[in-house]
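Structure record follows, encoded as structure tokens.
A short reminder: the numbers here are calculations on the coordinates, not readings from a lab. Computed from a predicted structure; not experimentally measured. Virtual Cβ from ideal backbone geometry, glycine too; neighbours counted across all protein chains shown.
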Amino acid sequence: MAVELASASAGETERVAGRLAERLAVHDLVTVSGELGAGKTTFVRGACRALGVVGPVTSPTFTIGHRYSGSVAVSHLDLYRFVDVSAAEWGDLEPYFDDAIVFVEWPEAGLGDLPAARVAVTLEHVAPESRRILLSSDDAALLEGL
């Protein structure tokens with residue numbers, strides 16, 4: 001199933017992510033794709049807030065990953081600097097998947113190596129402040145009413 005939503009602001013993007021996050025469970029993977037500046041980290045921030053994370057939520061581009069504590073553990077990975085994921089690199093990434101809800105920005109480099117995503121999110125620029133948010137999942141009930 002696929003759902004297309006419109007967002008006119010960063011706050012709206014965060015609210016969409018928050019509604020989705022409330023339906024997720026530990027071990028779920030959400031991939032978040034889009035051009036530079038499309039709002040991927042904003043989307044993850046909104047999900048983190050809904051999951052009880054109170055500290056800063058920033059892009060892990062240069063650190064590869066962040067692990068946040070909230071009502072559940074939340075991992076936030078960024079594969080922007082990867083071409084693919086080697087066995088050694090997977091060894092560094094794998095702990096982020098332990099007992100957490102996981103969000104992966106720029107997942108394209110890891111598509112053959114990452115676990116199956118419960119939800120794939122794509123953000124697209126429509127105008128300077130507007131975004132199209134595409135959510136797809138094999139679990140239609142997960143996306144109903146978003």
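Miscellaneous remarks
- Shape annotation for region 1-44: C-alpha extents along the principal axes are 28, 20, 18 Å, from largest to smallest.
- Phi angles of region 129-146 translate, via the Karplus equation with coefficients 6.51, -1.76, 1.60 and θ = phi - 60°, into HN-Hα couplings of 10, 9, 9, 9, 10, 9, 10, 9, 7, 6, 9, 4, 4, 4, 9, 4, x, 5 Hz per residue; Gly and Pro are given as x.
- Dipole check for region 2-67: with +1 at the C-beta of Lys and Arg, -1 at the C-beta of Asp and Glu, and the Cα centre as origin, the magnitude is about 200 Debye.
- J(HN,Hα) series, region 70-81, from Karplus relation 6.51 cos²θ - 1.76 cosθ + 1.60, nearest Hz, glycine and proline x: x, 5, 9, 6, 10, 9, 10, 10, 9, 9, 3, 8
- Nearest 10 degrees, 0 to 90: helix 40-50 Cα axis against the chain principal axis: 80 degrees
- Computed lengthening from V26 to D98, 0.36 nm per intervening residue step minus Cα-Cα distance: 25.0 nm
- Axis angle, to the nearest 10 degrees, between helix 10-21 and the longest C-alpha principal axis of the chain: 60 degrees.
- Evaluating 6.51 cos²θ - 1.76 cosθ + 1.60 at θ = phi - 60° for every residue in region 56-69, the Karplus couplings come out as x, 10, 10, 5, x, 3, 9, 10, 6, x, 10, 10, 10, 9 Hz, glycine and proline recorded as x.
- Here the extension length gained between R132 and R15 equals 40.7 nm, from 0.36 nm per residue of separation less the Cα-Cα distance.
- Rh by Kirkwood over Cα pairs, then Stokes-Einstein D for region 62-146 at 0.890 mPa s and 25 °C, µm²/s: 170 µm²/s
- FRET efficiency, 1/(1 + (r/R0)^6) with R0 25 Å, evaluated for A6 and E144 via beta carbons: 0.90
- Spacing of the modelled spin labels on S59 and V83, each 7 Å from Cα toward Cβ, amounts to 2.2 nm.
- A cut-off of 5 Å between modelled amide H atoms, ignoring neighbours fewer than 5 places along the same chain, links E105 with V32, L77, D78, L79.
- Over the chain, the hull volume per residue, using the convex hull of the C-alpha atoms, is 99 Å³.
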